[in-house]
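The values are calculated or read from the model by the stated rules, or taken from the named source; none is laboratory data. Predicted model, so just to flag it, every value in this text is computed and none were measured. When we count neighbours, we look across all protein chains shown, and the Cβ atoms used for this are built from the backbone with ideal geometry, even at glycine. For the accessible areas, the whole protein counts, side chains as well, though only heavy atoms, and no ligand, DNA or RNA atoms are used. Shrake-Rupley method; radii C 1.70, N 1.55, O 1.52, S 1.80 Å.
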Amino acid sequence: MPVSASSTSQGLENSRVPPVRVYIPLGDRSYPILIGNDLLGDAGSYDAVPSAASALIVTNTTVAPLYAQALQQAIAGRYRRVDVLALPDGEAHKNWETLNLIFDALLGHGSDRKTVLFALGGGVVGDMTGFAAAAYMRGVPFVQVPTTLLAQVDSSVGGKTAINHPLGKNMIGAFYQPQLVLCDLGTLATLPARELSAGLAEVIKYGPIHDMAFFAWIEENIDALVARDPAALAHAVKRSCEIKAFVVGQDEREAGLRAILNFGHTFGHAIESGLGYGEWLHGEAVGCGMVMAARLSQRLGGVDVAFVDRLTRLIERAGLPVVGPALGAERYLELMRIDKKSEGGEIRFVVIDKPGSAAVRNAPDAVVREVLAQCCAA
Ligand code: NAD
Ligand code: GLY
């Protein structure tokens, strides 16, 4: 049944959804994801996190004034010292220079190898803080406190951390798992509408690659999700985290299965780096990239045209672009060769081999050119 679409972002702040837990099963690196309201400012949410002499909250200049103080107060009892570092905001800052600001702060504050990092923000802050935690003194504990929909349903979970390089997206990084992921749904109330749509791209992704019943649920509830209905958002975050936990639990370091989580990302990363980081949001590029990847899947025989149209329509209803920028087919191909799935310069695409199931495949350049001609602006 569709949930009510009557709530507004104001309603999101005021409504209460019972907290739920999803576990990431990784042996001695297992951890919980807590999903609910009013978690961020509640000291009890952090019971599983190690105490230490100090903690550093890494956030950015947009999120700091909204949530840093509440987090700082909530964890104050666990650490003698809690510092806050606000990085410059945006994908264009997900680089070495900004990463170094985290190391400057850690060393400047005399942080030791038990210092706990808290990543407070979207995927950019989460990816950079996780990478800093992996590298500082060869590894310190960290906690993800994601405040965008995209980060709550995807980037904060699973331990992929990275920065961008001008030549390629997320090309420098590490696998490094957090101690806890804390998804406070109330923080989504302040998220700009464009960012909410970007997060919906990663929610939609889980349908074609793993769970068509969830896909049908998103189709029924897309208006409620765009309107930030609390119950709809809570279900979308929980089900997305469950699917991600299932995949990561089987293939933490992407030896095989985990690659399916990159559906739409090969085309999407080319859009992001081709246009310049930050021009299109990551979720926008992934949404449009899924249309391209679905079209490629159809050419390779995995799905029919009706499926491609169905997915395209849902992505559009989520407020996302479905026509790719006119970078030119050769530029797309050049950019897509710089991808972590590429082997020997050969591009490997995540395609849908039947609705609800994905696989990694090669595709002839000629077919990819046809797909790009069909899916991009002239
Ligand atoms: P983002 O981190 O840039 O956040 C989007 C914008 O929303 C920013 O301007 C941010 O300051 C602002 N913001 C964050 N929370 C807010 C709030 N509650 N209220 C108001 N404004 C808020 O972007 P994102 O979409 O969260 O993350 C995208 C990044 O995540 C990309 O770099 C992508 O590569 C990465 N990613 C990583 C993984 C992974 O597995 N590690 C998976 C998917 C995406
Ligand atoms: N977002 C892709 C992954 O976590 O593997």
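Each residue in region 165-183 was checked for being more than 7 Å from ligand 1 (Cβ to nearest atom) and either open to solvent by 10 Å² or more (accessible area, probe 1.4 Å) or among the aromatic types (Phe, Trp, Tyr) (or both), and 11 pass. Residues of region 95-104 that are within 21 Å of the chain's Cα centre (by Cα) and open to solvent by 10 Å² or more (accessible area, probe 1.4 Å): Asn95, Trp96. Considering only region 310-320, state which residues are open to solvent by 30 Å² or more (accessible area, probe 1.4 Å) and either under 23 Å from Pro364 (Cα atoms) or not charged (D, E, K, R) (or both). Answer for region 310-320, where residues must be open to solvent by 30 Å² or more (accessible area, probe 1.4 Å) and either under 23 Å from Pro364 (Cα atoms) or not charged (D, E, K, R) (or both): just Gly319. Within this structure, Glu254 passes the test of being under 17 Å from Tyr206 (Cα atoms), in a loop (DSSP other than H, G, I, E, B), open to solvent by 30 Å² or more (accessible area, probe 1.4 Å) and within 16 Å of ligand 1 (Cβ to nearest atom). Residues that are within 12 Å of ligand 2 (Cβ to nearest atom) and in a helix (DSSP H, G or I) within region 170-203 comprise Ala201, Glu202, listed in sequence order.
When we screen Leu39, Leu66, Leu56 for residues that are part of a loop (DSSP other than H, G, I, E, B) and over 19 Å from the mean Cα position of the chain (by Cα), the only hit is Leu39. Please go through (1) within 16 Å of ligand 2 (Cβ to nearest atom); (2) touching a residue at least 40 places away in the same chain (Cβ under 8 Å) for Phe118 and return the number of the only condition it doesn't satisfy. Answer for Phe118: the failing condition is (1). Checking each residue in region 321-352 for being loosely packed, with under 15 Cβ neighbours inside 10 Å and touching a Lys or Arg at 6+ places or on another chain (Cβ under 9 Å) picks out Glu330, Ser342, Gly345, Glu346. Residues in region 148-163 that are near ligand 1 (Cβ under 6 Å from one of its atoms) and either within 8 Å of the chain's Cα centre (by Cα) or open to solvent by less than 10 Å² (accessible area, probe 1.4 Å) (or both): Leu150, Ala151, Asp154, Ser155, Gly158.
Quick check on Leu56: is it more than 16 Å from ligand 1 (Cβ to nearest atom) and not hydroxyl-bearing (Ser, Thr, Tyr)? Yes, satisfied. Residues in region 149-169 that are closer than 22 Å to Met137 by Cα, within 12 Å of ligand 2 (Cβ to nearest atom) and assigned to a strand (DSSP E or B): 3 in all. The set of residues in region 105-131 that are open to solvent by 10 Å² or more (accessible area, probe 1.4 Å), over 19 Å from His282 (Cα atoms) and within 26 Å of the chain's Cα centre (by Cα) contains only Ala105.
Conditions tested, residue by residue: (1) open to solvent by less than 40 Å² (accessible area, probe 1.4 Å); (2) in contact with an Asp or Glu (Cβ under 7 Å, 6 or more places away or on another chain); (3) within 16 Å of ligand 2 (Cβ to nearest atom); (4) assigned to a helix (DSSP H, G or I).
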position	(1), (2), (3), (4)
Ala232	yes, no, no, yes
Lys244	yes, yes, yes, yes
Gly268	yes, no, yes, yes
Met290	yes, no, yes, yes
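Among the criteria (1) in a helix (DSSP H, G or I); (2) open to solvent by 20 Å² or more (accessible area, probe 1.4 Å); (3) within 17 Å of Gly199 (Cα to Cα), the one Leu261 does not fulfil is (2).
Scanning region 308-345 for residues that are assigned to a helix (DSSP H, G or I) and in contact with a helix residue (DSSP H, G or I) (Cβ under 7 Å, 6 or more places away or on another chain) yields Val308, Leu311, Thr312, Leu314, Ile315, Arg317, Ala329, Arg331, Tyr332, Leu333, Leu335, Met336.
Table: residues versus (1) closer than 18 Å to Tyr206 by Cβ; (2) over 15 Å from the mean Cα position of the chain (by Cα); (3) at pLDDT 95 or above.
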| position | (1), (2), (3) |
| --- | --- |
| Ile260 | yes, no, yes |
| Ser273 | no, yes, no |
| Glu279 | no, yes, yes |
| His282 | yes, no, yes |
| Arg295 | no, yes, yes |
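Of all the numbered requirements in (1) closer than 29 Å to Val63 by Cβ; (2) part of a helix (DSSP H, G or I), Arg228 misses one, and that requirement is (2). Among the residues of region 294-307, those identified as in a loop (DSSP other than H, G, I, E, B) and either open to solvent by 70 Å² or more (accessible area, probe 1.4 Å) or free of Cβ contacts under 8 Å to residues at least 24 places away in the same chain (or both) are Leu300, Gly301, Asp304.
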